[in-house]
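Notes follow once the structure below has been shown.
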């Protein structure tokens, strides 16, 4: 059993996945080896050694006894009295008994607890207990069961995302990653490996939109006759699709519905709506038609919406669009960064909805043995899947929720990234099986994450407010044991462009003149970044 000189104290309570130990005094030989928060302690049993991580220390009420609270990590099976390393495994089959001796895990035992997994893995940093011990995540468990990266602004969240993606691509250069990037932060971090999709580089034609998305774009939310406009739109969009695809007189409409992603001419739709409106002599009855027509013409003529509503020539470009988004073929650029910074606010949510829906539908309809797994990274996820459904865009929320529920069956993995986890949908966050939590100061955020996390990580969560930048607590299926890690630093060239203004530097000189204003106004008016 444990060397008496190494004994720190004894077990005084065991419950589920936790235990409490009573620390002996300095006269026991433990005074020079304190059990601080984060230390890994062990209990030697007859046929195994149980390991736990210290998550709290306190003095016992009414007595000068020092107590340590531990979360159980797992066990190494085999007789601890025999020399040689024993295999460590997560979970505990035999629990310590009251009075069993507590000892500090040796460096060799620590290396065994946090050993490199046999399965495919990524090194992302070092464990908190020993900066010489590498920390790994399991590739297939991380991606195959969804994960979340959560942390307050300035905690290193964007760098953590960039680090994980870079390590993934180092090991798997032909991956398929779609990154929803609201502020164009990540393109600079993956130069040469990223295809930036923005209004200037992608054509996302209106005919890709399903009826709900199209209604959101063409029918004002506050229009008193919104329902009438929606019915007019539904009827005429279907007719325009059938007409363009030669299925107007085909029995069953050749399987084409108002939601089928097939081309049709915007001019045909305007003509059909005009034709219907002409049947009414009463201007009041024609008003819903005129509103839809005016909205379509405005979007068609507005340069900002050219990526969606321009083009006299209509062709079936769905294969090119899907290939560009999903990086098929990869062609040396495994990441598609969807830069939303230049997308008009009127259609930002619709663009995200279309992207997510296309990804999921393509995966569903792919032949299983040829399907290509894909990772969807959703930055500022609280914007698209908010805690209150009324605050988000319904189609986007449903598309992401569907990926969260069913995506793993079709090889679509989801990564939710947010600095405001308490504003996220708890139902959708609960579908994530791995949590990478960086510093969080807000108690509401901490409580929310605690409810979503597996029970094995509860103790480590107490450290969230005190984590340093680039430190994280990782819990769930993506790691062999819950751990606190120091994430590897990224070079300047590989960091996301997420830093704020440097006031102390930029306010030193009066360096800009009228040409700065002129240039900015020109870019503003032309919507050119």
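The values are calculated or read from the model by the stated rules, or taken from the named source; none is laboratory data. Note that the structure is predicted; figures quoted are calculated from it, not measured. Backbone-built Cβ (ideal geometry, glycine too); neighbour counts: all protein chains shown.
Details
- Across the stretch 352-371, the number of residues qualifying as out of contact with any helix residue (DSSP H, G or I) (no Cβ under 8 Å at 6 or more places or on another chain) and closer than 13 Å to residue 394 by Cα comes to 0.
- Residues of the stretch 115-137 that are assigned to a strand (DSSP E or B), without any contact (Cβ under 8 Å) to a residue 60 or more places away in the chain and either surrounded by 15 or more Cβ atoms within 10 Å (Cβ to Cβ) or touching a helix residue (DSSP H, G or I) at 6+ places or on another chain (Cβ under 7 Å) (or both): 121, 122, 130, 133, 134.
- The stretch 417-453 - residue that is under 25 Å from residue 488 (Cα atoms) and assigned to a strand (DSSP E or B) and, of those, nearest to the chain's Cα centre (by Cα): 417
- Here residue 402 clears all of (1) buried (at least 20 other Cβ atoms within 10 Å of the Cβ); (2) in a helix (DSSP H, G or I); (3) under 16 Å from the mean Cα position of the chain (by Cα) except the condition numbered (1).
- The set of residues in the stretch 236-266 that are in contact (Cβ under 8 Å) with a residue 24 or more places away in the chain and assigned to a helix (DSSP H, G or I) comprises 236, 237, 239, 240, 241, 243, 244, 266.
- Only a single criterion out of (1) within 23 Å of residue 164 (Cβ to Cβ); (2) assigned to a loop (DSSP other than H, G, I, E, B); (3) touching a residue at least 40 places away in the same chain (Cβ under 8 Å) is not satisfied by residue 331, namely (3).
- Answer from 429, 358 - the residue that is over 30 Å from residue 262 (Cα atoms), crowded, with 16+ Cβ neighbours inside 10 Å and in contact (Cβ under 8 Å) with a residue 24 or more places away in the chain: 429
- Residue within the stretch 196-205 that is surrounded by 18 or more Cβ atoms within 10 Å (Cβ to Cβ), assigned to a helix (DSSP H, G or I), outside the structural domain of residue 490 (by TED's automatic domain parsing) and over 16 Å from the mean Cα position of the chain (by Cα) present: no
- Test set (1) assigned to a helix (DSSP H, G or I); (2) out of contact with any strand residue (DSSP E or B) (no Cβ under 8 Å at 6 or more places or on another chain) - residue 142 fails condition number: (2)
- Residue match in the stretch 340-350 (condition: in the same structural domain as residue 162 (by TED's automatic domain parsing) and in contact with a strand residue (DSSP E or B) (Cβ under 9 Å, 6 or more places away or on another chain)): yes
- For residue 112, the conditions (1) more than 23 Å from residue 410 (Cβ to Cβ); (2) part of a loop (DSSP other than H, G, I, E, B); (3) in contact with a strand residue (DSSP E or B) (Cβ under 7 Å, 6 or more places away or on another chain) are fulfilled apart from (2).
- Residues in the stretch 149-177 that are out of contact with any helix residue (DSSP H, G or I) (no Cβ under 6 Å at 6 or more places or on another chain) and closer than 22 Å to residue 431 by Cα: 152, 157, 158, 160, 161, 164, 165, 168, 177.
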